[in-house]
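Heads up: the structure comes next, in structure tokens.
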Amino acid sequence: MSKQLSRRRFVIGLATVAGATALGACGDATPTSQSTTSAALAATTKAAAPTTGATTVSSTTAAAAPHWEYDGAEGPTHWGDLEGYAVCKTGQKQTPIDIGAATRLSPPQDLTLNYKDTVMKLVNNGHTAQVNYDAGSTMTFQGKTYDLLQFHFHNPSEHLLNGKTFGMELHLVHQNAADKSLAVVGVMLKEGAENPFLAKFWNDIPAKAGTATATTSLNAKQVVPTDSHLYTYAGSLTTPPCSEGVRWIVMKQPMEVSKAQIEKFHTIFGDNARPIQALNGREVNEE
């Protein structure tokens with residue numbers, strides 16, 4: 001059995017468990033989790049280490065974090081057993097989820113993207129291709145403003161939409177300057193036509209971990225769908241330490257990427273999607 005097929009079966013199995021979980025009210029990120037999440041954000045980012053952070057930290061800090069992978073003895077089923085990553089196993093608001101029956105219709109969520117052009121800084125951090133964004137681009141959601149820090153990719157998609165998986169998923173990571181809380185915009189990338197935004201840098205993705213390139217200028221707004229309908233819920237980072245207190249905003253409309261673009265990413269990184277997590281009473285707002 002291929003590695004990819006085996007992983008997909010594992011995801012489907014966990015989705016079944018999540019579907020049996022009782023549904024309830026959705027919660028916001030709590031103040032007690034925000035400082036933990038902010039610290040985790042810094043601790044999980046460097047050129048050749050975990051993916052959910054946005055700023056480069058010293059090698060001494062990053063080296064203290066236990067190594068993790070997407071399969072084997074350091075894969076997702078064992079993340080919670082690694083030192084410092086217990087929340088990956090004990091957390092009650094973990095991401096990703098299967099967005100489906102738990103949704104509740106809500107008024108417009110007032111999502112505004114104020115993204116500016118950036119000089120691209122593209123990094124292979126050992127788990128994904130990550131573009132670190134210049135300061136000055138923001139997102140406002142439900143009246144709260146967040147700075148865009150970075151975006152990165154997963155293959156296949158981490159979230160499921162009504163049980164459906166997509167070829168890839170884009171995550172745009174934002175942080176509020178005042179309380180350091182995080183908000184992530186997820187965009188599904190389905191197989192179809194070549195994506196012109198990705199085409200600007202896709203061939204420049206470093207083949208080896210710990211290396212980076214800086215090429216063309218770009219604007220991340222070009223890869224976010226113009227249809228602003230979305231799902232939102234309280235979740236976590238999708239990589240260790242799996243810190244909670246993250247506001248997730250998942251766009252309903254997928255964007256297209258070509259089969260060649262998906263295969264290019266997979267050749268370098270393989271499967272890098274965390275399996276579906278239980279809802280544990282959370283409700284997803286749908287707009």
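The values are calculated or read from the model by the stated rules, or taken from the named source; none is laboratory data. What you see is a predicted model; the values in this text were computed from it and never measured. Cβ: placed from backbone, ideal geometry, glycine included. Neighbour counts: every protein chain shown. Each accessible area value is taken on the protein alone, full model and side chains, heavy atoms only, with ligands, DNA and RNA left out. Shrake-Rupley method; radii C 1.70, N 1.55, O 1.52, S 1.80 Å.
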Item to check | Residue among LEU105, LEU113 that alone is in contact with a Lys or Arg (Cβ under 6 Å, 6 or more places away or on another chain), among the hydrophobic types (A, V, I, L, M, F, W, C) and in contact (Cβ under 8 Å) with a residue 12 or more places away in the chain | outcome: LEU113
Next on the checklist: Cβ-Cβ distance below 6 Å, separation of 6 or more or different chains: which pairs start in segment 128-145 with a residue that is aromatic (Phe, Trp, Tyr) and end on one that is in a loop (DSSP other than H, G, I, E, B)?
Outcome noted: PHE141/LEU111
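Any idea which of ILE276, ILE268 is touching a Leu at 6+ places or on another chain (Cβ under 6 Å) and touching a residue at least 12 places away in the same chain (Cβ under 8 Å)?
Details: ILE268 fails: touching a Leu at 6+ places or on another chain (Cβ under 6 Å).
When all the criteria are applied, what remains is ILE276.
Could you grab me the full set of residues in segment 179-213 that are assigned to a loop (DSSP other than H, G, I, E, B) and closer than 23 Å to ASN114 by Cβ?
Step one: list which residues in segment 179-213 are assigned to a loop (DSSP other than H, G, I, E, B), which gives 179-181, 192-195, 200-201, 205-210.
Correct list: ASP179, LYS180, SER181, ASN195, LYS200, PHE201.
Is it true that some residue in segment 159-172 is over 19 Å from PHE141 (Cα atoms) and free of Cβ contacts under 8 Å to residues at least 12 places away in the same chain?
Yes.
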Item to check | Single residue of segment 229-287 satisfying the filter (in contact with a helix residue (DSSP H, G or I) (Cβ under 9 Å, 6 or more places away or on another chain) and hydroxyl-bearing (Ser, Thr, Tyr)) that is surrounded by the fewest Cβ atoms within 10 Å (Cβ to Cβ) | outcome: SER258
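Considering segment 83-111 alone, what residues qualify as being polar (S, T, N, Q), modelled with pLDDT of 95 or more and surrounded by fewer than 18 Cβ atoms within 10 Å (Cβ to Cβ)? If you could, list the steps in order and put the result at the bottom.
Going residue by residue through segment 83-111, those that are polar (S, T, N, Q) are 90, 92, 94-95, 103, 106, 109.
Filter again for modelled with pLDDT of 95 or more, leaving 90, 92, 94-95.
Across segment 83-111, the qualifying residues are THR90, GLN92.
Go through segment 183-196 and give me each residue that's within 22 Å of MET120 (Cα to Cα) and in contact (Cβ under 8 Å) with a residue 40 or more places away in the chain. Spell out how you get there, then give the answer.
Keep residues of segment 183-196 that are within 22 Å of MET120 (Cα to Cα), which gives 183-189, 194-196.
Passing the criteria: ALA183, VAL184, VAL185, GLY186, VAL187, MET188, LEU189, GLU194, ASN195.
Could you identify the single residue in LEU172, LEU160, LEU149 that is crowded, with 23+ Cβ neighbours inside 10 Å, modelled with pLDDT of 95 or more and closer than 23 Å to PHE269 by Cβ? Reasoning before the result, please.
Numbers: LEU160 fails: crowded, with 23+ Cβ neighbours inside 10 Å; LEU149 fails: crowded, with 23+ Cβ neighbours inside 10 Å.
LEU172 is the lone residue from the list that is crowded, with 23+ Cβ neighbours inside 10 Å, modelled with pLDDT of 95 or more and closer than 23 Å to PHE269 by Cβ.
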Next on the checklist: Just to be sure I understand, how many residues within segment 256-287 are part of a strand (DSSP E or B) and over 14 Å from LEU161 (Cα atoms)?
Outcome noted: 2
Item to check | Of the criteria (1) open to solvent by less than 10 Å² (accessible area, probe 1.4 Å); (2) in contact with a Ser or Thr (Cβ under 7 Å, 6 or more places away or on another chain); (3) not polar (S, T, N, Q), which one VAL187 fails | outcome: (2)
Item to check | Which numbered condition ALA48 fails, given (1) outside any loop (DSSP other than H, G, I, E, B); (2) at pLDDT below 75 | outcome: (1)
